[in-house]
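The values are calculated or read from the model by the stated rules, or taken from the named source; none is laboratory data. Everything numeric here is computed off the predicted structure, so don't read it as measured data. Cβ: placed from backbone, ideal geometry, glycine included. Neighbour counts: every protein chain shown.
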Amino acid sequence: MDSRDRKRLEELKFSAEVIAKTEAVLSLWGVDELFARCTYCKKICFSPYLPKGKHMRKKLPADLFLRRELVGFRDESGEVICWPCDEFQFEYG
């Protein structure tokens, strides 16, 4: 895991156990970056480019995804979008 991502997780008050497990899973996958930046609001969210699949995301600690404002997606055009911006576009777009 990128040292900036580790620091962000610490700043977001995730437990040492969650950080360690996340780091181990990302290392297993060969992924360096956990976070991406929302194209619309420029806030940090989880990268939508993390491995997908029925069992892949289950390996990451569930505590990460309880913070809905950090969840990231790809919109129709392939841009990174955070949950709050996605909800806003759904309601008002």
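Quick check on my filter: what residues within the stretch 22-56 are in a helix (DSSP H, G or I) and surrounded by fewer than 17 Cβ atoms within 10 Å (Cβ to Cβ)? Those that are in a helix (DSSP H, G or I) and surrounded by fewer than 17 Cβ atoms within 10 Å (Cβ to Cβ): Glu23, Ala24, Ser27, Leu28, Trp29.
For the stretch 65-90, which residues satisfy the criterion of being more than 23 Å from Leu28 (Cα to Cα), of a type in the set (Phe, Trp, Tyr) and under 12 Å from the mean Cα position of the chain (by Cα)? Correct list: Trp83 only.
Suppose we filter Ser3, Ser77, Ser15 for residues that are within 21 Å of Phe90 (Cα to Cα) and of a type in the set (Gly, Ala, Ser); which single one remains?
None of the other options fit; the residue is Ser77.
Taken over the stretch 62-93, the criterion of being within 30 Å of Glu17 (Cβ to Cβ), of a type outside the set (D, E, K, R) and in a loop (DSSP other than H, G, I, E, B) is satisfied by Leu66, Val71.
Only one entry in Lys7, Lys43, Lys59, Lys21 is at pLDDT below 90 and not aromatic (Phe, Trp, Tyr), namely Lys59.
Quick grid of which residues meet (1) aromatic (Phe, Trp, Tyr); (2) on the phi < 0 side of the Ramachandran plot; (3) under 10 Å from the mean Cα position of the chain (by Cα):
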position: Ser3; (1), (2), (3): no, yes, no
position: Ala20; (1), (2), (3): no, yes, no
position: Ala36; (1), (2), (3): no, yes, yes
position: Phe46; (1), (2), (3): yes, yes, yes
position: Tyr49; (1), (2), (3): yes, yes, yes
position: Asp63; (1), (2), (3): no, yes, no
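Among (1) outside any helix (DSSP H, G or I); (2) in contact with an Asp or Glu (Cβ under 9 Å, 6 or more places away or on another chain); (3) surrounded by 13 or more Cβ atoms within 10 Å (Cβ to Cβ), where does Ile19 come up short? The single condition Ile19 does not satisfy is (1).
Specify the residue that is modelled with the lowest pLDDT; the eligible residues are those in the stretch 76-93 that are surrounded by 10 or more Cβ atoms within 10 Å (Cβ to Cβ) and more than 20 Å from Leu34 (Cβ to Cβ). My answer is Gln89.
Whenever a residue of the stretch 26-47 is among the small types (Gly, Ala, Ser), its partners that are exposed (fewer than 13 other Cβ atoms within 10 Å of the Cβ), lying with C-beta atoms within less than 9 angstrom and at least six residues away or across chains, give the pairs Ala36/Tyr49.
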